[in-house]
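Inspection log for the structure reproduced underneath, given as structure tokens.
Nothing in this text is a laboratory measurement; each read-out follows from the coordinates by a stated rule. Note that the structure is a prediction, hence the values are computed from the model and not measured. Positions of Cβ are backbone-derived with ideal geometry, glycine not excepted, and every protein chain shown enters the neighbour counts.
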Amino acid sequence: MTQIWDAWGERHAVTVLHLDACQVTQVCREETHGYTAVQVGAGEAKPKNVRKSLAGLFAKAGVPPKRRLGEFRVTPDALLPVGFRLRAQHFVPGQLIDVRGTTKGKGFQGGMKRWNFKGQRASHGVSKTHRHIGSTGQCQDPGRVFKGKKMPGRMGGTAVTVQCLRILKLDTQRDLLFVKGHVPGPRGAFLRVQDALKRAEFPAPPPFPSYAPPPHEGEGEEVPLELFAPVKESDPLVGFQP
């Protein structure tokens, strides 16, 4: 994570996401697949590390081999052509997004680290069980441990979705998204980014179906290198008492 300051001088903790050569590799249509979706590939892989079935898919699409593939359900009027590259301008500064990824794996952990259990006392009769979880069941009735009981076990390495994160800044030259808050996973992990499902907030109309740069340089309006989210109308630091 890093930090940026807005026009009022307010500091925000952000996570930088990179759209690493995201291209459309396949288009799913209602006539052939039974649904409409766009398959997007991200990252560049070495040809020797790609399976033959996927190598044929990439060759048919005319795109370099990708490290990750993902499908996004869209409406029939939002289908993109094969080979289309998604840019950072596909999103609007200030909009909300959902980010899904795999959390960091922690291995086998005890109840105190995994579930924030209090543990047992440090003295007064407790011997060698200071970090144990304690009793896990009852007596003869019910005579068993209920399913779903919080106990030691594998921690992390699960799919998690962080909802309604706000995009504060776009870097159009390097295809970077500056998202307020944290996202699941370690550095360099692949994430699934899409518009927020629960809160659709767009300060400006988003490009539909996606942003397409002009075919020739110098045509159309010049795109700024950085786009920022709208700031608050009043100074949030007025009346602040440190």
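Just to be sure I follow: if Rg is taken over the C-alpha atoms of segment 136-242 and Rh is the Kirkwood radius over the same atoms, what is Rg/Rh?
On the way: Rg = 23.4 Å, Rh = 19.6 Å.
Taking Rg over the Kirkwood Rh, I get 1.19.
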Can you sort Ile4, Ile167, Ile97 from fewest to most other Cβ atoms within 10 Å of each residue's own Cβ?
Ile4, Ile97, Ile167
Size of the dipole of segment 106-155 about the Cα centre, Lys and Arg at +1 and Asp and Glu at -1 on the beta carbon, nothing else charged, in debye to 20?
280
At most 10 other Cβ within 10 Å, DSSP loop - chymotrypsin sites (Phe, Trp or Tyr not before Pro), segment 74-127
none
Given +1 on the Cβ of Lys and Arg, -1 on the Cβ of Asp and Glu, and no further charges, what dipole in debye does the chain carry about its Cα centre, rounded to the nearest 20?
2400
If the chain between Ala200 and His33 were fully stretched, how many nm would it gain, using 0.36 nm times the residue separation less the Cα-Cα distance?
57.3 nm
Descending semi-axes in whole angstrom, ellipsoid equivalent of segment 31-75, from the Cα gyration tensor:
22, 12, 8
Separation between the Glu10 and Lys150 pseudo-spin-labels, each 7 Å from Cα along Cα→Cβ, expressed in nm?
3.3
In straight Cα distance, which lysines are under 20 Å from Lys198, not counting same-chain residues fewer than 8 positions off?
Lys180
Can you sort Asp6, Asp141 by how many other beta carbons sit within 10 Å, fewest first?
Asp141, Asp6
In segment 35-75, which trypsin sites (Lys or Arg not before Pro) are in a loop and have at most 11 other Cβ atoms within 10 Å, using DSSP for the loop call?
Arg51
Sorting Tyr211, Tyr35 on the 10 Å Cβ count, fewest up front, what's the list?
Tyr35, Tyr211
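What is the projected area of the convex hull of the Cα atoms of segment 106-155, averaged over all directions, in nm²?
Dividing the Cα hull surface by four gives the mean projection, 4.4 nm².
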For segment 77-138, which trypsin sites (Lys or Arg not before Pro) are both in a DSSP coil and crowded by at most 14 other Cβ atoms within 10 Å?
Lys104, Lys106, Lys118, Arg121, Lys128, Arg131
Per segment 1-66, sqrt(5λ) over the Cα gyration tensor eigenvalues, sorted largest first, in Å, gives 36, 18, 8
The correct pair for the chain, radius of gyration to one decimal and Dmax as a whole number, both in Å and from Cα atoms, is 24.1, 81
Could you tell me how many degrees, from 0 to 90 and to the nearest 10, lie between the Cα long axis of helix 52-61 and the main elongation axis, the longest principal axis, of the Cα atoms of the chain?
40
